[in-house]
1. If one computes the Cα centroid of segment 1-77 and of segment 137-156, what distance in Å separates the two points?
2. To the nearest 10 degrees, how steep is helix 138-150 against the longest Cα principal axis of the chain, on a 0 to 90 scale?
3. Determine the alpha carbon to alpha carbon distance for each of 103/175; 134/175; 63/160; 40/134; 102/153; 138/160 and list only those over 32 Å.
4. Counting only heavy atoms of protein chains, what accessible area per residue, in Å², does the chain have with a probe of 1.4 Å?
5. If I fit a long axis through the Cα atoms of helix 60-81 and take the longest principal axis of the Cα atoms of the chain, what angle between them do I get, 0 to 90°, rounded to 10?
6. With +1 on each Lys and Arg Cβ and -1 on each Asp and Glu Cβ, and nothing else charged, work out how big the dipole of the chain is about its Cα centre, in Debye to the nearest 20.
7. Tell me, what is the percent relative contact order of segment 1-153, built from C-alpha pairs under 8 Å that lie six or more residues apart?
8. Report ³J(HN,Hα) in whole Hz for each residue of segment 21-30, in order, from the Karplus equation J = 6.51 cos²θ - 1.76 cosθ + 1.60 where θ = phi - 60°; Gly and Pro get x.
Amino acid sequence: MSRIGRLPVTVPAGVTVEVAENNMVTVKGPKGTLEQQLPKEMDIKVEDGHVVVTRPNDLKKMKSLHGLTRTLINNMVVGVTEGYAKKLEVNGVGYRCQKQGKKLVLNLGYSHPVEMEDPEGLESVVEGNTITVKGINKEKVGQYAAEIRDKRKPEPYKGKGIKYADEVIRRKVGKTGKK
């Protein structure tokens, strides 16, 4: 039995979970509504404040889908109650970030400022040299944070660039002079 798939997902007060045909799961909560098509092989039941996922047989594919389905439902429930956030830090001399309406403007040492429009359902907040991406969909928050980081990845010599707040950059030793 999948250890993760076996655990029931607790549905907090104020959150409704509906399962339509072909496992179209809709989760409504205080922060918004999320909808997702989940694998139709899995059996999803909502019973007295819990969501239980069961699998039809013990094939390898079903075992892997079991834990995945349960985790996706749990991520949706957490998203509509608490939401998700990713923090990015901008490090480097002259590297700056600022917010103009729904646009994120990054000065990253290129000849031009890089402008990024916030996707629908997501919000980016700038405080000093820290960018926080917030939203209710874990996948979209992570994707947008990765796209921001991609504009200037941290380099290993001076550590300049955009990195996640909890990321550790492996530093390298630079050139040594001749004697």
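1. 27
2. Here the helix axis deviates by roughly 20 degrees.
3. 103/175; 134/175; 63/160
4. So the chain comes to 63 Å² accessible per residue, rounded to a whole number.
5. The answer is roughly 70 degrees.
6. On the way: 33 positive and 22 negative charges, 321 e Å.
Value, rounded to 20: 1540 debye.
7. Averaging sequence separation for qualifying contacts and normalising by length gives 20 percent for segment 1-153.
8. With coefficients 6.51, -1.76 and 1.60, one gets 5, 6, 6, 7, 9, 10, 10, 10, x, x Hz.
The values are calculated or read from the model by the stated rules, or taken from the named source; none is laboratory data. No experiment lies behind these values; they were computed from the predicted model shown. A quick note on method: Cβ atoms are made from the backbone with ideal geometry, for glycine too, and the neighbour counts reach across all protein chains shown. Heavy atoms of the whole protein, side chains included, go into the accessibility calculation; ligands, DNA and RNA do not. Shrake-Rupley method; radii C 1.70, N 1.55, O 1.52, S 1.80 Å.
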